[in-house]
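Chemist: Provided herewith is a single structure, encoded as structure tokens, for subsequent inquiry.
The values are calculated or read from the model by the stated rules, or taken from the named source; none is laboratory data. All figures in this text were calculated on a predicted structure; none of them were measured in a lab. Because the Cβ atoms are built from the backbone with ideal geometry, glycine has one as well, and the counts that use them run over all protein chains shown.
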Amino acid sequence: MRLRSMKIFSRAHFWLRRHHRIYVLLLLCVVSAMGVLSQRHEWQRDVTQNGRHTLSTASSNVLREMPGPVTVTAYATLQDMQLGDLRRPIRDFIARYQGLKSDVALKFIDPLTQPGLARTAGVRVNGEMILSYSDRSEHLATLNEQDFTNTLMRLSRGHERQVMSVSGHGERRLDGSAPHDLGEFGRQLAYKGFHATASSLALVPEVPAEVNILLLTQPRTPIPPGEADKIKRYLARGGNLLWLLEPGLLQGLLPVAETLGLALTPGIVVDPAARESGSALATVVVAQYGPHPVTEQFDLITLYPQARAIGMNDDPGWHVTPLLETSARTWVENGVADEHASFNEGQDIPGPVVIGWALERQLEEVRQRVVVIGSADFLANGTLGNAGNLDLGINLFNWLSGDSRLITIQPKNTLDASLNLGQTGMTIIASLFLAALPLVFFATAVLTWRRRRNS
């Protein structure tokens, strides 16, 4: 019996002496297995405030509508004297797109060791990329989602969409810098693959056939009947039109309104909700939209300064959709639309009213699309940055040009690209990680050692 007890004690002592070695061996095996798995399987989670390491819905939709392979050729050195390793951030950035589209290929060319290839490609800066899709390519020197996705969107169009803005009578300019002009929106259209030009109808016999969208804003001087007839003939042969109306006289464009079946009433729409959001009372806040491809996935608020109500006469030739409708709190003010305006029964028109319509019809083999918005200021330089105005404007042009598949919310901007800490915050963090935590670990180690020694 004693011999058996001694054997049991000896065996237990044997395993006890090797307990730490077995523990270390198992720990090394687990760590090695995790290392192998991490090399074969990647898992990550974006915990930034606005998910800036995750592609937006806009980018996902654009990738989904590109059936062929996309090639990204990055001309970057292995090491830049000022910027360091350029290839790693490019590789990490493109990996987000490769996670959604497996045929996005990335290859690097060193412009120092292969200067001939860089010169032939027209590369000007270290880190410049060339995006190729189908038989088209574009250069890109910035590394952010909005520019990259916009480039993909332009490549997916196949060719630039031609936009002609009617000018010559004091209309708003697509390249102007004044607060009432549309210059910033014109630049955004160029980023999306639209080529916009301004032309006077007095200088051309007809609206050119290659024009995909005709942009019409309110003239300051009357348009001659002959020019209005050119717009009517453009519509008669199936041309697409975006008309940004304003309160007041139509300045010779009444025949165009009659062609489209518009019923226009005087007055300016006022909205008490605008005052609550810090805008002028004569600004309409729209948060709900009609069922239409332009607004199908659109959930942003849009603002419309100096808007007018638009009605529609019955016309069996058009399929008509109310795109923008005001809330029941609004009304059409026929008096002075200032901050002291109030609804007057019998004089003003109660809301809700429609300030935006989408019209569509089939003319032989042409699918014609027209949008009429009762506010030109919603795309003006001074108000374009309000809420979702820019996004809705781009959606309108995508639909009018026949690119409904590209209608989406624009890629988000970075909200948390940097962390700014004051002196107090930096002192607290330094004290915590450089002093407090090491002391806690050291004290824990001493207590554990003493406890084991005493036992």
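Chemist: Within segment 128-142, does at least one residue satisfy the condition of being over 24 Å from the mean Cα position of the chain (by Cα) and either surrounded by 12 or more Cβ atoms within 10 Å (Cβ to Cβ) or under 27 Å from V211 (Cα atoms) (or both)?
Modeler: Within segment 128-142, one or more residues are over 24 Å from the mean Cα position of the chain (by Cα) and either surrounded by 12 or more Cβ atoms within 10 Å (Cβ to Cβ) or under 27 Å from V211 (Cα atoms) (or both).
Chemist: Where the second residue is of a type in the set (A, V, I, L, M) and crowded, with 19+ Cβ neighbours inside 10 Å and the first is within 13 Å of L155 (Cα to Cα) and in contact (Cβ under 8 Å) with a residue 40 or more places away in the chain and lies in segment 56-76, which pairs have Cβ atoms under 6 Å and are six or more apart or on separate chains?
Modeler: Between residues of segment 56-76 that are within 13 Å of L155 (Cα to Cα) and in contact (Cβ under 8 Å) with a residue 40 or more places away in the chain and residues that are of a type in the set (A, V, I, L, M) and crowded, with 19+ Cβ neighbours inside 10 Å, the close pairs are V62/L152; V62/M153; V70/V104; V72/I94; V72/M129; V72/L131.
Chemist: Return the residues of segment 229-256 that are crowded, with 19+ Cβ neighbours inside 10 Å and either aromatic (F, W, Y) or free of Cβ contacts under 8 Å to residues at least 12 places away in the same chain (or both); say none if nothing qualifies.
Modeler: Answer for segment 229-256, where residues must be crowded, with 19+ Cβ neighbours inside 10 Å and either aromatic (F, W, Y) or free of Cβ contacts under 8 Å to residues at least 12 places away in the same chain (or both): Y234, W243.
Chemist: State which residue is surrounded by the fewest Cβ atoms within 10 Å (Cβ to Cβ) when the search covers only segment 295-338 and only residues that are closer than 19 Å to I394 by Cα and touching a helix residue (DSSP H, G or I) at 6+ places or on another chain (Cβ under 7 Å).
Modeler: Per the criteria, the residue is L300.
Chemist: Consider segment 315-326. How many of its residues are in a loop (DSSP other than H, G, I, E, B) and under 20 Å from L245 (Cβ atoms)?
Modeler: So the count comes out to 3.
Chemist: So, in segment 162-193, of the ones that are within 15 Å of the chain's Cα centre (by Cα) and in a loop (DSSP other than H, G, I, E, B), which residue ends up surrounded by the most Cβ atoms within 10 Å (Cβ to Cβ)?
Modeler: Step by step, filter segment 162-193, then rank; the result is G193.
Chemist: Would you mention how many residues in segment 150-161 are surrounded by fewer than 22 Cβ atoms within 10 Å (Cβ to Cβ) and either assigned to a strand (DSSP E or B) or among the small types (G, A, S) (or both)?
Modeler: Residues meeting the conditions: 2.
Chemist: For segment 276-289, give me each residue that is modelled with pLDDT under 90 and either of a type outside the set (S, T, Y) or not assigned by TED's automatic domain parsing to the domain that holds T383 (or both).
Modeler: E276, G278, A280, L281, A282, A287, Q288 - these are the residues of segment 276-289 that are modelled with pLDDT under 90 and either of a type outside the set (S, T, Y) or not assigned by TED's automatic domain parsing to the domain that holds T383 (or both).
Chemist: Would you confirm, using the coordinates I've provided, whether T120 is of a type in the set (S, T, N, Q) and without any contact (Cβ under 8 Å) to a residue 12 or more places away in the chain?
Modeler: Yes, satisfied.
Chemist: On to the next question. Across segment 231-268, what is the number of residues that are acidic (D, E) and under 31 Å from the mean Cα position of the chain (by Cα)?
Modeler: So the count comes out to 1.
Chemist: Tell me whether segment 211-220 contains one or more residues that are more than 31 Å from the chain's Cα centre (by Cα), within 23 Å of G374 (Cα to Cα) and surrounded by fewer than 18 Cβ atoms within 10 Å (Cβ to Cβ).
Modeler: Within segment 211-220, one or more residues are more than 31 Å from the chain's Cα centre (by Cα), within 23 Å of G374 (Cα to Cα) and surrounded by fewer than 18 Cβ atoms within 10 Å (Cβ to Cβ).
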